[in-house]
Amino acid sequence: MDYNFSEIEKKWQARWAKEKPFKAENNSTKPKYYVLDMFPYPSGAGLHVGHPLGYIASDIMARYRRHKGFNVLHPMGYDSFGLPAEQYAIQTGQHPALTTQENIQRYREQLDKIGFSFDWDREVRTSDPEYYKWTQWIFIQLFNSWYNKESDKAEDIKTLIAEFEKKGNSAVNASCDEGTKKFTALEWKAFSEKKKSDVLMHYRIAYLGEAYVNWCPALGTVLANDEVKDGVSERGGHPVERKLMKQWSMRITAYANRLLEDLNKIDWPESLKESQRYWLGKSVGTSLRFQLKNSEDKIEVFTTRPDTIFGVSFLTLAPEHELVEKITTAEQKNQVTDYITKSKNRSERERQAEVTKVSGVFTGAYAEHPFTGNKIPVWIGDYVLAGYGTGAVMAVPGHDSRDYAFAKNFNLPIPEVVQGGDITKESYDAKEGKLINSDFLNGLEVKAALKNSIEEIEKRGLGKSKINFRLRDAVFGRQRYWGEPIPVYYKNDIPYVLAENELPLVLPEVDKFLPTEDGEPPLARAKNWKYKGEFEYELTTMPGWAGSSWYFLRYMDALNDKTFADRTLSDYWQNVDLYIGGSEHATGHLLYVRFWTKFLFDLNHISVDEPAKKLINQGMIQGTSAMVYRVNNSNKIVSAGLKNNYDTTSIHIDVNIVENNVVNVEALKKWRDDFANAEFELEDGKLLAGSAVEKMSKRWYNVVTPDLICQKFGADTLRLYEMFLGPLEQSKPWNTNGITGVSGFLKKLWRLFYQNNTFTVSEEEPTKAELKTLHKTIKKITEDIERFSFNTSVSNFMICVNELGEQKCNKRAILEKLILLVSPYAPHIAEELWESLGHTESISTAPFPEFNEAYLTEDSFIYPVSFNGKTRFQLDLSATLTAQEVEKIVMENEQISKYLEGKTPKKIIVVPKKIVNIVI
RNA sequence: GCCUGGGUGGUGGAACUGGUAGACACGCAGGACUUAAAAUCCUGUGCUUUCACGAGCGUACGGGUUCAAGUCCCGUCCCGGGUACCA
């Protein structure tokens, strides 16, 4: 019987669906192992061959751990709220729920065909009210909490109110909005309901606040920082502008330091940790006040270089800085107003694109140098960001390249205060050298000067040392339809959250998925959608990252309608042991999920404060695009090798009609109308295509689906081949050049069990050689899996099968162990052969073979004998010989003299069972 | 610019703590079976040189450490990914 993959795979996929051998136990004496995959957004395009790469790796791990006696949690679900389904709904009127449902179905079919061992009984969908009920519940907890810097954790807002009632807010050390005013207990008690609500908003972790946001007019919504790339929206590429808006936000900044510190305790790739560190952007510096001349006001700046204080030659404020209007003199008024209008209207994109272009304007105002008393001009410039630090900088052009460019452009003085550079050419930013022109700091090294200057600044009460983070609070409201409704209603203009028993607040039906005529979000279209029929609900919905910030917890207890996850279960499952996902979520999802995990930990709802112990980034599988070359102003297509003879334009064509760079011309003619009657100029009778490595995308017609490969070669081949392509973490372009090698391997494996088309397995005792082949393989495969080196496993399987083929081995004792090894990688063929061997239970929980060192010990070792490091010949010697004995035998060998050239060896190095090196 | 990962045959890639570089696979060449093809099997395959035995050169480039370097150290170049006025 030949290896019939399609029949076998269909059979086992049906069996697994029915018998559920991959069900994770909630009550088990086995050790637990939690393997999680990246949460997929079910897009309309379906899966391409790049998506399953990580899923295959994690599935191998899950199956391996089951063999090793673990209770494995390996779930899958869908991040099913999001923009694409909604954009599609706007265009077609089709409800996003419907589109989402269809897409999920397609995903499921594709996933099933690859033979993953997911526990589908735990499937979650973020757009399911049974799921988002708990997303809303977590929002309510966030709303009802504040961050206590003393205990360094989130606490119930009630403890804060109690404190206000006792002592007001002056003794409270909380993460709160800048500029929150002080009040006494008496004042607090006298505040109106509305005023109290407003004050508490400055403290809540989920809060309604005014902030500059990324407004995307084309999408009609605000976006979080990580959803904006190069000044355009990540989804769709629409321009984004800055706008001051009242928005629901998350006080993630309260967690900045813990998010940073705890990176040290998780096993994540260094590059990913580094981008989180950078995004969090901790910087230690000093805040420092400059007194304005002829004014009561002071300008507060933040600097990391207080040592260069004597090098300050001007101050720069962000155009949005609150003092700008107040301090601008009459004669500068027009210029300043012009500049502010100009920089406001400039999109973020323009602003970023013109980074090298210096712009700014003088306000006419002067400040006083805190040490020298010198007059310092105050400028505004949009290289200073309103949202960072204090929105104002002390400019030290001699030692800061941005200030330098500004000073050069406007002819401002550039004093030198640190020796070591040539400031006539460029600024000297390095933190090295001796201080000069700096009064009491003169002669000190930068490091000492830093310490000294801070002490002096604090002593004189000019400022104090301060830690700043680049991280901003995350905007949480979206002016969109397809997301979780925020469980808030308004009574007398005061926001209230719903009670737990009123959840879920179900997404209402609307007639259109667009904003209303007066610019309100789509939810304003919902008829009679009011709390208790009376109070307005919040009209924005949650962002895409809300549901994905806690899904790993829901898998532990997916069907619970009493709580988001039962505490005994979350205590048992703890957190994810292995997460495999792409690096593109480094500064978005993977920060938010850490934030929510820490928050739930603080409130004692879970016992872990990190979502995943170990994380691996799988590389991206790029597409290999194919193109043909059309001679300009004609309908002639020329083969790639001839394109330089003409003036041509390249046109992307479907990669699925190209094989080994040769275009199937008939298929091409059918593929697009304008090729139907084109003229073709071939080389060697073939139309060769050009190729390029690009992102796999519909746009480039280079998408290859796993379905196609499963149909042609089978899921087991697909799984093995994706692993065989190279190391998991490495990005690589997709090509099927080597796939026949992998499918050939499975056929060879199959044939070990068959003779003359009959299943034939011998019960004989295996030979020493056969045992050695097997145990060598057990050892290698175990090591490979443990270090996630799946590509080398595939090679080792091939070597093993080749050797057993040569040994003509068909002994049960060997083959039974072999297919157990193969089973995590190619589960269908393994189940089938396992059954043929007479087993009635699924192979999936059979114990993994253990290797026995005794079978691997060699009696002899072939020593390479080298002279000055160059290998000249080999000697087969007993493995038990000592170094001295080896040396003696080698030196007595007749081949030695040929290479010694009559000289006496200076030194002889013998490393037992490694090498012999003779130095002459 | 900064942070990261990488550079090994015609190709994808092996080489775990320094110890025979190129495992395994593709491709290519030759052969067997076949009327023929597919499938399968066998042999060869880093480059140069040699009928052959062999010799020389080889892990981006230039140095260094070592008996021994793809692997460790210093410098340079190139490619991929991330990020960007964060004071």
Item to check | Unique match (being closer than 15 Å to residue A:748 by Cβ and either of a type outside the set (D, E, K, R) or touching a helix residue (DSSP H, G or I) at 6+ places or on another chain (Cβ under 9 Å) (or both)) among A:785, A:843, A:819 | outcome: A:819
Next on the checklist: Take the residues in region A:841-879 that are closer than 20 Å to residue A:776 by Cβ and in a helix (DSSP H, G or I); name whichever of them is nearest to the chain's Cα centre (by Cα).
Outcome noted: A:853
Next on the checklist: Restricting to region A:423-473, give me the number of residues that are open to solvent by 60 Å² or more (accessible area, probe 1.4 Å) and in a helix (DSSP H, G or I).
Outcome noted: 7
Checklist entry - So is residue A:613 away from RNA strand B (no atom under 16 Å from the Cβ), among the basic types (Lys, Arg) and open to solvent by 70 Å² or more (accessible area, probe 1.4 Å) or not? => result yes
Next on the checklist: Out of the residues in region A:374-411 meeting the condition of being aromatic (Phe, Trp, Tyr) and within 9 Å of RNA strand B (Cβ to nearest atom), tell me which one is farthest from residue A:302 (Cα to Cα).
Outcome noted: A:406
Item to check | Subset tally (residues that are open to solvent by 60 Å² or more (accessible area, probe 1.4 Å), within 9 Å of RNA strand B (Cβ to nearest atom) and in contact (Cβ under 8 Å) with a residue 24 or more places away in the chain) for region A:850-897 | outcome: 2
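Given the criterion under 22 Å from residue A:720 (Cβ atoms), more than 39 Å from the chain's Cα centre (by Cα) and surrounded by 13 or more Cβ atoms within 10 Å (Cβ to Cβ), identify the matching residue among A:835, A:831.
On the way: A:831 fails: more than 39 Å from the chain's Cα centre (by Cα).
None of the others qualify; the one that does is A:835.
I'm checking my understanding of the structure. Among residues of region A:231-247 that are among the charged types (D, E, K, R) and in contact with a strand residue (DSSP E or B) (Cβ under 6 Å, 6 or more places away or on another chain), which one is nearest to residue A:520 (Cα to Cα)? Break it down into steps so the answer makes sense when it comes.
Initially, region A:231-247 is screened for residues among the charged types (D, E, K, R), giving A:234-235, A:241-243, A:246.
Cutting the leftovers down to in contact with a strand residue (DSSP E or B) (Cβ under 6 Å, 6 or more places away or on another chain) gives us A:241-243, A:246.
Details: A:241: 18, A:242: 19, A:243: 16, A:246: 13 Å.
Step by step, filter region A:231-247, then rank; the result is A:246.
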Next on the checklist: I need the full set of residues from region A:454-482 which are within 13 Å of RNA strand B (Cβ to nearest atom), more than 30 Å from residue A:523 (Cα to Cα) and of a type in the set (D, E, K, R), in order please.
Outcome noted: A:466, A:470
Checklist entry - Mind checking which pairs have a first residue in region A:545-560 that is without any contact (Cβ under 8 Å) to a residue 12 or more places away in the chain and a second that is surrounded by fewer than 23 Cβ atoms within 10 Å (Cβ to Cβ), Cβ under 7 Å, 6 or more apart or different chains? => result A:560/A:566
Item to check | Single residue of A:920, A:915, A:908 found to be out of contact with any Ser or Thr (no Cβ under 6 Å at 6 or more places or on another chain), at pLDDT below 80, surrounded by 14 or more Cβ atoms within 10 Å (Cβ to Cβ) and not polar (S, T, N, Q) | outcome: A:920
Checklist outcome for this item: Listed by first then second residue, the pairs whose first member lies in region A:625-642 and is open to solvent by 50 Å² or more (accessible area, probe 1.4 Å), whose partner is part of a loop (DSSP other than H, G, I, E, B), with beta carbons under 7 Å and at least 6 positions apart or on separate chains, are A:632/A:647; A:635/A:678
Item to check | Counted residues, region A:303-340 - those being among the basic types (Lys, Arg) and without any contact (Cβ under 8 Å) to a residue 40 or more places away in the chain | outcome: 2
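In the list A:209, A:168, A:220, A:236, which residue meets the criterion of being in contact with a Ser or Thr (Cβ under 9 Å, 6 or more places away or on another chain) and touching a residue at least 60 places away in the same chain (Cβ under 8 Å)?
Values: A:168 fails: touching a residue at least 60 places away in the same chain (Cβ under 8 Å); A:220 fails: in contact with a Ser or Thr (Cβ under 9 Å, 6 or more places away or on another chain); A:236 fails: in contact with a Ser or Thr (Cβ under 9 Å, 6 or more places away or on another chain).
That would be A:209, the only listed residue that is in contact with a Ser or Thr (Cβ under 9 Å, 6 or more places away or on another chain) and touching a residue at least 60 places away in the same chain (Cβ under 8 Å).
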Next on the checklist: Among the residues of region A:138-160, what is the count of those that are open to solvent by 20 Å² or more (accessible area, probe 1.4 Å) and under 17 Å from residue A:501 (Cα atoms)?
Outcome noted: 2
Checklist outcome for this item: residue A:28 vs (1) at pLDDT 95 or above; (2) among the polar types (S, T, N, Q); (3) in contact with a strand residue (DSSP E or B) (Cβ under 6 Å, 6 or more places away or on another chain): all pass except (1)
Checklist outcome for this item: When residue A:70 is run through (1) under 30 Å from residue A:821 (Cβ atoms); (2) aromatic (Phe, Trp, Tyr); (3) within 26 Å of the chain's Cα centre (by Cα), the failure sits at (3)
Checklist entry - So which of A:788, A:745, A:753 is at positive phi and touching a residue at least 12 places away in the same chain (Cβ under 8 Å)? => result A:788
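Every residue in region A:555-592 that is under 18 Å from residue A:142 (Cα atoms), more than 16 Å from RNA strand B (Cβ to nearest atom) and not β-branched (Val, Ile, Thr), please.
Taking region A:555-592 and keeping what is under 18 Å from residue A:142 (Cα atoms), we get A:563-565, A:589, A:591-592.
Then keep just the ones that are more than 16 Å from RNA strand B (Cβ to nearest atom); that gives A:563-565.
Result: A:564, A:565.
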Item to check | residue A:816 vs. criteria of a type in the set (Asp, Glu) and either surrounded by fewer than 20 Cβ atoms within 10 Å (Cβ to Cβ) or on the phi > 0 side of the Ramachandran plot (or both) | outcome: yes
Checklist entry - Considering region A:749-779 alone, what residues qualify as being closer than 20 Å to residue A:716 by Cβ and within 13 Å of RNA strand B (Cβ to nearest atom)? => result A:749, A:750, A:751, A:752, A:754, A:777
Checklist entry - When the residues of region A:1-58 are filtered to those that are among the β-branched types (Val, Ile, Thr) and outside any loop (DSSP other than H, G, I, E, B), which remaining residue is nearest to residue A:724 (Cα to Cα)? => result A:56
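What is the residue count in region A:581-602 for residues that are open to solvent by 40 Å² or more (accessible area, probe 1.4 Å) and in contact with a strand residue (DSSP E or B) (Cβ under 6 Å, 6 or more places away or on another chain)? Talk me through it step by step, then tell me what you get.
Filtering region A:581-602 down to residues open to solvent by 40 Å² or more (accessible area, probe 1.4 Å) leaves A:583-585, A:601.
Next cut, in contact with a strand residue (DSSP E or B) (Cβ under 6 Å, 6 or more places away or on another chain) only: A:583.
Residues flagged as open to solvent by 40 Å² or more (accessible area, probe 1.4 Å) and in contact with a strand residue (DSSP E or B) (Cβ under 6 Å, 6 or more places away or on another chain) within region A:581-602 amount to 1.
Considering only region A:96-113, I want to know if a residue exists there that is open to solvent by less than 50 Å² (accessible area, probe 1.4 Å), under 30 Å from residue A:495 (Cα atoms) and touching a helix residue (DSSP H, G or I) at 6+ places or on another chain (Cβ under 6 Å).
Initially, region A:96-113 is screened for residues open to solvent by less than 50 Å² (accessible area, probe 1.4 Å), giving A:96-97, A:99-100, A:103-104, A:107, A:110-111.
Applying the additional criterion that residues be under 30 Å from residue A:495 (Cα atoms) yields A:96-97.
Those still in the list that are touching a helix residue (DSSP H, G or I) at 6+ places or on another chain (Cβ under 6 Å) too: A:96.
Yes.
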Next on the checklist: If the requirement is being more than 10 Å from RNA strand B (Cβ to nearest atom), free of Cβ contacts under 8 Å to residues at least 24 places away in the same chain, open to solvent by 20 Å² or more (accessible area, probe 1.4 Å) and acidic (Asp, Glu), which of these qualifies: A:274, A:300, A:261?
Outcome noted: A:261
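The values are calculated or read from the model by the stated rules, or taken from the named source; none is laboratory data. The model shown is predicted, which means the values in this text are computed figures rather than measured ones. Ideal geometry is used to build each Cβ from the backbone, glycine not excepted, and the neighbour counts take in all protein chains shown. SASA here: full protein model, heavy atoms, side chains in, ligands and nucleic acids out. Shrake-Rupley method; radii C 1.70, N 1.55, O 1.52, S 1.80 Å.
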